[in-house]
Amino acid sequence: MPASKIIGVGMYLPEEVVTNDDLTKLMDTSDQWIQERTGIKERRFFKEGVDTVSSMGAKASLMAIERAGKKPEDIDFIVFATLSADYCFPGSGALMQQHIDFKRNIGALDIRAQCAGFIYALSVADQYIKTGMYKTILVVGSEVQTNVFELSNRGRDMSVIFGDGAGAVVLEASEETGKGILTTKLHTDGRSAEELYLEHPGSRRKQRFNPTMIETGELLPHMNGKHVFINAVKYFPEVIREALADQNLKEEDISLLVPHQANARITVAVGKELNLPDEKVVSNIHKYGNTTAASIPIALCEAWQDGRVKEGDLIALAAFGSGFMWGSALIRW
Ligand code: UT7
């Protein structure tokens, strides 16, 4: 059975940098509160008319394709993770074909797994490669979410945390033994869905929108931050240990942990729980905030650019978020 190797990484961040101080002009918050609770110093805001989830995904993808030494026509399939697709339908994976000329009508699949989206996408792509269905797959995570939250007092609990951005990897079938994605582990607890969710425009109501929804704030996402935090700190280490046990590996075998960037306090707690020194844990949330499905590929891309990902390293990826959905991946680089 072939293994899936990551042969190229790419990222794209919109130009506009919004600092914590910028947000204090729009709501009752402070740089100190945001930094102490989350570790975030600044985030990027997309530019309307320039950046879309699919165009940002395409920019990250083109970087990954070039670094892989490939051309768009070498890609056999697209797996695209996002909670903030350009349109309600069709998905942003399909819209990628408006930005990149793949020369063929390759299939495109959108993944709805929120913060765990990139792990789920990677796992799906890995199975297609293992079965031999596809040889080269583009796996993308991209989000425009700064327009989902309200830059106001009632929206401040979430709007200070999230940012926009995109990351992508090219996965390719490899016959090299012991290299590539070793395993992925996926979990969901749908009973906790309403702890972190955005109801509208969902299909439960006869009338998807009405003017009072704006007044009542029903169009805003809801997060039970403390409950999400407690569960994240529990399930991140658990799902990483599950993947390690599957491969007869130990915590000390991890060369680098690239966790979903939800909160610097969560990242520190997970690193401590797994006895990993700080230099083995990637954290870039101070620059970009929480970019949901894009956070892992952006962090992985930066770590690779900084020379922190080397041939033969054991890289652990993990995420937890809305659903609740969580997962991990172990990669021998
Ligand atoms: O990506 C995966 C999904 N998301 C997560 O993993 C997020 C997990 N949760 C968290 O990261 C944290 O729970 C938060 C960062 C969201 C919040 O931190 P916290 O330490 O749990 O704060 P809190 O919810 O206890 O809020 C404390 C106070 C409240 O005021 P009172 O009731 O104590 O007077 C909030 O109203 O802070 C207030 N608050 C704010 N103050 C200033 C909430 N948002 C803000 C804000 N600025 N932006």
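A short reminder: the numbers here are calculations on the coordinates, not readings from a lab. Small disclaimer: the values here were computed from a predicted structure and weren't measured. Neighbour counts run over all protein chains shown; Cβ positions are idealised from the backbone, glycine included.
Annotations
- Charge context of L219, other residues only, Cβ under 9 angstrom, K/R +1, D/E -1: -3
- Scattering curve values for the range 3-177, log₁₀ I(q)/I(0), Debye with Cα scatterers, q = 0.14 Å⁻¹: -0.74
- Cα centroid separation - the range 20-85 against the range 276-333, whole Å: 15 Å
- Seen against the Cα atoms of the chain and their longest principal axis, helix 225-246 is set at about 10 degrees.
- Remark on the range 181-332: hydrodynamic radius 16.7 angstrom, per the Kirkwood mean of 1/r across alpha carbon pairs.
- Principal-axis tilt of helix 264-273 within the chain, Cα atoms, nearest 10 degrees: 40 degrees
- Dimensionless Rg ratio for the chain, taking C-alpha atoms and the 2.2 N^0.38 Å reference: 0.95
- Only DSSP H runs of four or more residues enter the estimate; each adds -39500 (n - 2.57), and after division by the residues of the chain the mean residue ellipticity at 222 nm equals -9000 deg cm²/dmol.
- Selected from L26, L95, L83 as most flexible by GNM, with the chain as the system and alpha-carbon contacts under 10 Å: L26
- Nearest 10 degrees, 0 to 90: helix 295-305 Cα axis against the chain principal axis: 50 degrees
- Gyration tensor (alpha-carbon) shape descriptor, the range 227-282, a/c threshold 1.5: oblate
- Extension gain from D313 to E199, taking 0.36 nm per residue of separation minus the Cα-Cα distance: 36.9 nm
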